1. Residue 168: surrounded by fewer than 19 Cβ atoms within 10 Å (Cβ to Cβ) and touching a strand residue (DSSP E or B) at 6+ places or on another chain (Cβ under 6 Å), yes or no?
2. Could you tell me whether segment 170-183 includes any residue that is β-branched (Val, Ile, Thr), in contact with a helix residue (DSSP H, G or I) (Cβ under 9 Å, 6 or more places away or on another chain) and more than 21 Å from residue 261 (Cα to Cα)?
3. Could you look through segment 247-262, keep only residues that are in a helix (DSSP H, G or I) and out of contact with any Lys or Arg (no Cβ under 9 Å at 6 or more places or on another chain), and pick out the one that is farthest from residue 204 (Cα to Cα)?
4. Which count do you get for residues in segment 284-296 that are at pLDDT 95 or above and either part of a loop (DSSP other than H, G, I, E, B) or within 13 Å of residue 195 (Cβ to Cβ) (or both)?
5. Could you list, in sequence order, all residues of segment 237-269 that are closer than 30 Å to residue 117 by Cα and crowded, with 22+ Cβ neighbours inside 10 Å?
6. Please identify the pairs in which a residue from segment 100-113 that is closer than 14 Å to residue 244 by Cβ has its Cβ atom under 8 Å from the Cβ atom of a residue that is of a type outside the set (Ser, Thr, Tyr) and assigned to a loop (DSSP other than H, G, I, E, B), counting only partners at least 6 apart or on another chain.
7. Which of (1) in contact with a strand residue (DSSP E or B) (Cβ under 7 Å, 6 or more places away or on another chain); (2) over 27 Å from residue 116 (Cβ atoms); (3) not polar (S, T, N, Q) does residue 55 not meet, given it meets every other one?
8. Would you check which residues across segment 258-293 are farther than 23 Å from residue 145 by Cβ, without any contact (Cβ under 8 Å) to a residue 24 or more places away in the chain and not charged (D, E, K, R) and list them?
Amino acid sequence: MHYSVCCNRWSSDERLDGKTAIITGANTGIGKETARDLARRGARIIMACRDIERAEEAQADILEDTGNENIVVRKLDLSDIKSIKAFAALVIKEEKQVNILINNAGIMMCPYSKTADGFELQFGVNHLGHFLLTHLLLDLIKCSAPSRIVVVASVAHTWTGLHIDDINSERSYDTMKAYGQSKLANVMFARSLAKRLQGTGVSVFSLHPGVVQSDLWRHQHQCIQVAVKIFKIFTKTTEEGAQTTIYCAVEPGLENQSGGYFSDCAPARCSRAASDDDLAQKLWEISCNMLGVNWQ
């Protein structure tokens with residue numbers, strides 16, 4: 001195997017032939033670039049997307065680029081429990097294995113709104129939706145071991161703490177703090193899940209992709225969007241932003257770092273709150289209660 005880390009790019013000739021990868025939000029941004037890379041390595045790709053039309057356009061683009069025809073599009077709306085359950089049931093019915101689950105889809109600093117089930121949208125989609133999806137697919141992922149679960153978080157997890165008493169931001173709502181809380185939940189979830197999965201052959205990682213030029217910025221005020229363009233030199237392209245996700249999904253020998261947080265294709269330090277096991281247990285219990293699941 002050969003790999004190299006240079007600037008914002010990571011390359012490896014590792015193959016994924018015979019492996020199946022699910023990528024949420026694979027129709028755009030770093031999700032699409034992750035799907036493209038894994039398809040190039042020979043994996044079967046399941047593009048789990050809310051917008052089927054855009055997903056099919058991305059599917060055609062990736063197929064043309066990689067020559068991999070083993071790419072399918074499946075409907076998944078992470079803001080709707082019914083959709084998550086329907087997607088998981090279809091995967092369990094259709095697929096013999098899931099070797100890689102990449103919880104990539106996300107919403108960033110949007111105006112206050114709620115999911116179909118009454119959760120604050122950022123917490124609901126970024127954390128709860130992926131929490132439930134992972135729970136529903138976990139038996140299949142375990143049966144496919146060695147396998148990996150990759151959670152795309154953000155350095156934004158350092159922006160705030162976990163607001164246990166107002167997890168739904170119903171008393172007060174700050175777009176940045178709500179986003180930061182959802183990303184903090186991502187890192188805590190990955191750490192907690194990794195501990196629960198010790199000895200199963202399933203590894204779990206969370207990561208910061210970098211500040212990426214993507215659709216995530218669509219909800220921001222024009223002045224912020226202009227600032228991002230002005231300082232474009234300091235941001236990553238979607239291809240560059242996908243590199244740490246790909247690294248965590250592909251790089252051999254990371255199993256002993258399960259539960260770790262990564263940035264720029266290397267281990268990174270997460271916040272003190274993200275390392276608080278007692279707080280993580282409270283988050284786990286709250287998540288189970290909100291979703292109505294029993295997951296010890």
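1. So residue 168 fits the description; yes.
2. yes
3. 247
4. Number of matching residues: 5.
5. Answer for segment 237-269, where residues must be closer than 30 Å to residue 117 by Cα and crowded, with 22+ Cβ neighbours inside 10 Å: 245, 261.
6. 104/25; 104/26
7. Answer for residue 55: the failing condition is (2).
8. Residues satisfying the conditions are 288, 289, 292.
The values are calculated or read from the model by the stated rules, or taken from the named source; none is laboratory data. Keep in mind it's a predicted model, so treat the numbers as computed, not measured. Glycine gets a Cβ as well: all are built from the backbone with ideal geometry, and neighbour counts include every protein chain shown.
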